[in-house]
Amino acid sequence: MRLAYYPGCVAQESGKELDMATRWVARALGIELVSFPSFSCCGSGFLDEANEVLNVALNARNLAIAEKAGLDLLTICSTCQGMLTLANVRLGDPKVKSRVDGALRPLGIEYRGTTKVKHLLQVLTQDIGLDAIRAKVKRPLQGLKVGAFYGCHLLRPADELRWESAEEPHSFEDLLAALGATPVYYRGRVMCCGFPIQFVKPATASKIAGAQIVDAKAHGAEAMATPCPLCHISLDAYQNQAEKAVGHSLDMPVLHLPQVVGLALGATPEELGLPRHLVSTAPVLAKIGARA
Amino acid sequence: MSEATVKATFDVYRFDPVRDAGPRYDRYVLDLPPHTPVLTALLQVRADLDPSLTLRYSCRSAICGSCAMQINSKSRLACEAPIGPELARDGRIVVEPMRNQPVLRDLVVDQEPFWREYRRIEPHLILDPRHPMPEGTANPMTPAEVDRFKETPRCIACAACYSACPAVEADPAFPGPMALAKLYRFVVDPRDQGQQDRLVKIQTDGLWLCLRCHLCTEACPKDVRPSERIRDLKELAIAAQGATEPGSRHALAFKENIRERGQLNEMKLARQTAGLPGLVTQVPQGIRIWRKKPELLHAPHPIEGADQVEKIYEALDDGKTKEDAP
């Protein structure tokens, strides 16, 4: 299977470990990632607030790049998934389409809308399939209780994202179970990580992140896992701030989606970039018998 | 002809703040057809099993907005939530009062916080007596103008969005999805003469605390899609006033940041949004992260075709919002 690989900004910068783990897992599962150095940022929801049509146009350009190569587009970030999918939807509005076409046509870019935008979680659970993944598990995550944390824009708004229930999703938990882990169900798994207001009001953002970690922990989670690098920033890199907000220590290891898969498929912690995390993942590695 | 029934287990939140030390959950088991709405089941509990169960409802037809509550952790109108799917998924139905509003008794909450925020946005046309509407033109709006706020009048003020909102939960400064969606309705009403003031005021009044998590849009039983109206408000506020608040500053800084290289320069964004004094407060956290993630300080390479991005900006970053299209 060949896909246009859209790593997004964070996985190419401070979230490099997500890119490392994605490439490792793709190799292990026979997914060919085709890189396009011409992809731009998806706008991350912030550009959408400043200028919606401009944001749609940038993503129409991204989609046109994959379309020209005849490939569907793979995202590894809930926010990229949301913004690129929303662009496809909004380009269905003739008013938006005509303004965007007006900007792209002089550049020789044509958007036709045939490229599907797929998040890695969808590719793993729908295209590769749980049976195929189960067959490749070398190090089952036996006994590890993991709280999936979806990230808003992978699920909502559901009318546009159109792949699973926004309020009762289960693909991530199904995947965790296929890897041998015990999925933990908690309300916070579909809630917000607080990231969008990290720059607006950090104390409130940290309170929100803290609430979700506390909830996961209260339901027995020993680790959390997220398909979104922005959630990862909130839950891992800023977990010390979340601890301040909730008033006690949390010590919750937070894994990127492909890191969980990679661990079960036999990757070393270094290959998956685990030493780059702010919160130590050593308890997870000890539990599944991986060398820390 | 009677329909097959299922055994339905309800765990219902019970709490009387005057008499009880804390809340408890009472279990009721009923045999009911799977299409039975949760509200009908609760009324049967009250009629047959426990007359003390307190809840709020009126029309039973998803019109009055009285019976919003948490059903298996989701904000729902009890009158239009059938028990079947809930039982199929969770095996039982946990019924709780709405969140983010104090409980008066059992499933009834004090909606004052919700209504207070609604009153605060001045939910009425602001008219300037010096510029009265011309005689005989009571409704001088074109269908296209009405179309801009066609979703908001559907709101039945049930507060399901307010209950579902994590920003409301975390920060009393956030007005909540419904109040902001209603504010949008007046901001785009061509008859309203307070639009500019409304946009200026809301920028400092919590607009930028919206997380755009879209939980309100999922919770809304009338498809008002509050999160999208809030997005529209943000774009209008920026167009009206520019970058005055941390939120609008961040959105505009993000826009300029992407323009330079086609992709994000994380470190520069932090500097652009916080300004130098703000950045200083971030230094300890920045160093902590940088030690594990040294890329933080590297500016990314410009993308191939960054000139195309610049041309797209030149064509579309013209200070117009999507509604200004020809």
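General observations
- Within the stretch B:11-22, restricting attention to residues that are in a loop (DSSP other than H, G, I, E, B) and either touching an Asp or Glu at 6+ places or on another chain (Cβ under 9 Å) or at positive phi (or both), the residue that is surrounded by the most Cβ atoms within 10 Å (Cβ to Cβ) is B:PHE15.
- Residues located in the stretch A:60-86, provided they are among the hydrophobic types (A, V, I, L, M, F, W, C) and part of a helix (DSSP H, G or I): A:ALA60, A:LEU63, A:ALA64, A:ILE65, A:ALA66, A:CYS80, A:MET83, A:LEU84, A:LEU86
- Residue that is without any contact (Cβ under 8 Å) to a residue 40 or more places away in the chain and buried (at least 22 other Cβ atoms within 10 Å of the Cβ), where the choices are B:LEU264, B:LEU279, B:LEU269, B:LEU252: B:LEU264
- Positions within the stretch A:177-209 being more than 7 Å from chain B (Cβ to nearest Cβ), assigned to a loop (DSSP other than H, G, I, E, B), over 16 Å from the mean Cα position of the chain (by Cα) and crowded, with 20+ Cβ neighbours inside 10 Å, in sequence order: A:LEU179, A:ALA181, A:TYR186, A:GLN198
- Selection over the stretch A:4-59 of residues that are assigned to a helix (DSSP H, G or I), out of contact with any helix residue (DSSP H, G or I) (no Cβ under 7 Å at 6 or more places or on another chain) and aliphatic (A, V, I, L, M) gives a count of 2.
Conditions (1) more than 12 Å from chain B (Cβ to nearest Cβ); (2) within 16 Å of the chain's Cα centre (by Cα); (3) farther than 30 Å from A:LEU265 by Cβ, marked per residue:
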| residue | (1), (2), (3) |
| --- | --- |
| A:ARG2 | yes, no, no |
| A:GLU17 | no, yes, no |
| A:ARG27 | yes, no, no |
| A:PHE36 | no, no, no |
| A:GLY45 | no, yes, yes |
| A:LEU58 | no, no, yes |
| A:GLN81 | yes, yes, no |
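- Restricting attention to the stretch B:203-216, the residues that are more than 18 Å from B:TYR118 (Cβ to Cβ) and either buried (at least 22 other Cβ atoms within 10 Å of the Cβ) or in contact with a helix residue (DSSP H, G or I) (Cβ under 6 Å, 6 or more places away or on another chain) (or both) add up to 7.
- Being without any contact (Cβ under 8 Å) to a residue 24 or more places away in the chain and closer than 30 Å to B:LEU42 by Cβ holds for only one residue in B:ARG130, B:ARG116, B:ARG92, B:ARG99, and it is B:ARG116.
- Number of the exception - B:VAL200 against (1) surrounded by fewer than 22 Cβ atoms within 10 Å (Cβ to Cβ); (2) under 22 Å from A:HIS153 (Cα atoms); (3) away from chain A (no Cβ under 13 Å): (2)
- Residues located in the stretch A:89-139, provided they are within 20 Å of B:GLN263 (Cα to Cα) and not aliphatic (A, V, I, L, M): A:HIS119
- Subset of the stretch B:289-311 (residues that are at the interface with chain A (Cβ under 7 Å from one of its Cβ atoms) and in a helix (DSSP H, G or I)): B:ILE289, B:LYS292, B:GLU295, B:LEU296, B:GLN308, B:VAL309, B:LYS311
Throughout, read-outs are computed from the coordinates displayed, never taken from laboratory work. Fair warning: this is a prediction, and the values are worked out from it, not measured in the lab. Backbone-built Cβ (ideal geometry, glycine too); neighbour counts: all protein chains shown.
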